[in-house]
Amino acid sequence: MSRIFSGIQPSGELHIGNYLGAVKNWVELQRSYESFFCVVDYHAITIPYEPDDLRTRRREMMVSLLASGLDPSVATVFAQSMVPEHTELAWIFNTVTPLGELERQTQFKDKASRQESIPAGLLNYPVLQAADILLYRADLVPVGEDQVQHLELSREIARRWNARFGEGYFPEPQAKLTPSRRIMGLDGNTKMSKSMGNTVGLLEEPASIWEKLRPAVTDPARVRKTDPGTPEVCNIYHLHRAFSPPDVVSHVETQCRTAGWGCIECKKVLFENVNTELTPIRTRAAEIRSQPELVDQVAGDGALPARRVAAVTMREVKDRMGLA
Ligand code: SF4
């Protein structure tokens, strides 16, 4: 069975953008692959943060992952900092990673430009990412199309280490593309993101979801109800494709192109289908939250199989490097 690894930032409750863009896909893959899903809290400390806030966000992310359907009895679900080998392998990879490659990373340039003092951890972030994946010698990494290039550095690090210490030891991880398209924020301008304030929370109450959907941006050509629209340019249509059954999606296309209905009507149908999918998730999250010890137990138990695999990798890596 091929092995997959993917990580997610401890950003607190999931929003529907990262649910559709990542986690829903993980749930579908977890039984077909040997799966490692990790809340990457060591990555989260490369920018300023509050310790209590991080603790809460990590726990809430675990709640969201479990409520979404990740099943700890078939997948390994854990927090990165519970497996210290992540940082140990990252240090080793730092010794084979050219500085220039790190300085060229777009994400580093973006984040560094927003900070007065740039921590070295921000520069070395992709090295830790490579360690996250390669520690489990994962063949596949489920990612969206916009993240494919981030994997290239992990492959490059694997090639460099292999060339020096053990040809073929680390597989060059390949992208397993997530089928769901990039979900834009409700402002229609940028990718859905908490920092942009344009998200719908996965566990948000229906009334609050409708408050956000009702004014959400649609096809600007539909000024009046009688103006025909182009569904492909409308984020509401793309949300229908993610949440509504195929017959409803075709109905939306027809109604939009022929001005058969107004955008509010279209959004009401979307709202119903969003609720159909999210209500059971919300219910599960409430059950999980009512047993806080369960979340800690899952995170702790999940780390055990991860540590077993990580320990074998580190033993073999150290052996090949003359460190053991
Ligand atoms: S009818 Fe629906 S798909 Fe068409 S523009 Fe309005 S909200 Fe978007």
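The values are calculated or read from the model by the stated rules, or taken from the named source; none is laboratory data. The structure displayed is predicted, hence computed values, not measured ones. Don't worry about glycine lacking a Cβ; one is built from the backbone with ideal geometry, like all the others, and counts go over all protein chains shown. Side chains included, ligands, DNA and RNA excluded: accessible areas come from the protein's heavy atoms. Shrake-Rupley method; radii C 1.70, N 1.55, O 1.52, S 1.80 Å.
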Packing rank of 78-91, 4-17, 141-154, where each peptide gets the mean count of other beta carbons within 10 Å, highest leading: 4-17, 78-91, 141-154
Over the alpha-carbon set of segment 1-129, work out the extent along each principal axis and list the three values in angstrom, largest first. 40, 33, 25
Over segment 1-126, what relative contact order in percent results from Cα pairs under 8 Å that are six or more residues apart? 29
Once the Cα atoms of segment 205-254 are picked out, what are the Rg and Dmax in Å? 11.7, 32
Reported to two decimal places, what Rg/Rh ratio describes segment 231-324 when computed on Cα atoms with Rh from the Kirkwood expression? 1.36
Can you give the convex hull volume per residue for the Cα atoms of segment 150-305, as a whole number of Å³? 173
Taking just the alpha-carbon atoms of the chain, what radius of gyration and Dmax come out, in angstrom? 21.4, 74
At a probe size of 1.4 Å, how large is the accessible area of Y49, to the nearest 10 Å²? 90
Ratio Rg/Rh [Cα only; Rh per Kirkwood] for segment 54-203: 0.97
Protection-proxy order for peptides 296-308, 36-48, each taking the mean of Cβ atoms within 10 Å per residue, highest first: 36-48, 296-308
Relative contact order (%) - criterion: Cα under 8 Å, at least six apart; region: segment 227-324: 21
On average, how much accessible surface per residue is there in the chain, in Å², for a 1.4 Å probe, leaving out ligands, DNA and RNA? 47
Give me log10 I(q)/I(0) at q = 0.11, 0.28 Å⁻¹ for segment 13-79, Debye formula, one equal scatterer per alpha-carbon, no solvent. -0.27, -1.28
Modelled FRET efficiency - R0 41 Å, Q291 with S193, Cβ distances, 0.05 increments: 0.85
Tell me, what does the Kirkwood hydrodynamic radius of segment 121-204 come to in angstroms if you use every pair of distinct C-alpha atoms? 14.8
Please report, ordered by residue number, every helix of the chain (full DSSP H runs) that is 18 Å or longer along its axis going by C-alpha atoms and whose mean Kyte-Doolittle hydropathy reaches 0.5. 120-134
